[in-house]
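Below is one structure; the comments refer to it alone.
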Amino acid sequence: MKPKWAGKLQEDIHEFAAGVGNLLVDSFHYLALFAIGGTIVWSAVTAFAGMASAKGHASIDDILLLFIYLELGAMVGIYFKTNHMPVRFLIYVAMTALTRLLISDVQAHHKPDEGVIYVTGAILLLALATLIVRFGSARFPSASDDTARK
């Protein structure tokens, strides 16, 4: 039989360890989010400066690259505010990257081949995945979404 003071001490140690653990996890979480956000901003500014200084203009390929940076930044911002990873934004980034690849390929080769069909098929699959994710989140909201709506 364990004395009462030992049980209380065990509970206090457990609460202290859980509090320190949560503090460390949250600290790493915010530090990583700031690092990722800063890297996205740094990359976007560098890409924009390269467009402005080296070429003097922006191609559609460059504009789509800036949209990728915008989507990544929005994803970090949403994750920072809600602690939920917006999966749809990852799909949007993939769709934009494939669109960028498609435009670059068609501009460079001027002759469409079966690669164009593969890339457009992949974009279509990602669009369907977005539709499924949106339908699923509207039809079957998570528990935290359910309590936020009430």
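Readers should treat all values here as calculations from the given coordinates under stated rules, not as data from a laboratory. Predicted model only: the values in this text are computed from it and were never measured. Backbone-built Cβ (ideal geometry, glycine too); neighbour counts: all protein chains shown.
Summary of computed values
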quantity: Rounded to the nearest 20 debye, dipole of region 1-110 from Cβ charges on Lys, Arg, Asp, Glu; calculated: 240
quantity: Shape box of region 4-149 [Cα atoms, principal axes, largest first, Å]; calculated: 81, 41, 27
